[in-house]
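What follows is one structure encoded as structure tokens, with my remarks underneath.
The values are calculated or read from the model by the stated rules, or taken from the named source; none is laboratory data. Since the structure is predicted, the reported quantities are computational estimates derived from the model, not experimental observations. Cβ sites come from the backbone with ideal geometry, for glycine too, and all protein chains shown count toward neighbours.
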Amino acid sequence: MSRWDVPDHPVIVACERTGYPPGMEPKAYTCPICGEECETVYLNFVREPVGCDVCLTAKDVYDYYEEE
Ligand SMILES: [Zn+2]
């Protein structure tokens with residue numbers, strides 16, 4: 001047991017868990033709606049996020065009105 005064994009030090013724990021010290025983790029860019037990692041976030045006309053390429057689907061306008 002050396003004096004360097006401090007197993008519960010939060011920096012050590014974070015390094016072992018993520019490979020990075022706290023605050024140095026690569027930022028995860030995720031959809032604000034569904035939380036998935038995504039390529040594109042879509043905004044409405046007031047620039048509020050409405051979804052992303054993962055959780056949004058496009059629909060033919062005719063189908064939107066005419067499908068049950
Ligand atoms: Zn999404």
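Quick notes on this one:
- Enumeration of residues in the range 25-68 that are among the aliphatic types (A, V, I, L, M) and assigned to a loop (DSSP other than H, G, I, E, B): A28, I33, V46, V54, L56, A58
- Filter result for Y42 (under 18 Å from the mean Cα position of the chain (by Cα) and modelled with pLDDT under 95): no
- Of the residues making up the range 24-54, those that are more than 13 Å from the ligand (Cβ to nearest atom) and surrounded by 14 or more Cβ atoms within 10 Å (Cβ to Cβ) number 0.
- Meets criteria (modelled with pLDDT under 75 and either basic (K, R) or in a helix (DSSP H, G or I) (or both)) for V11: yes
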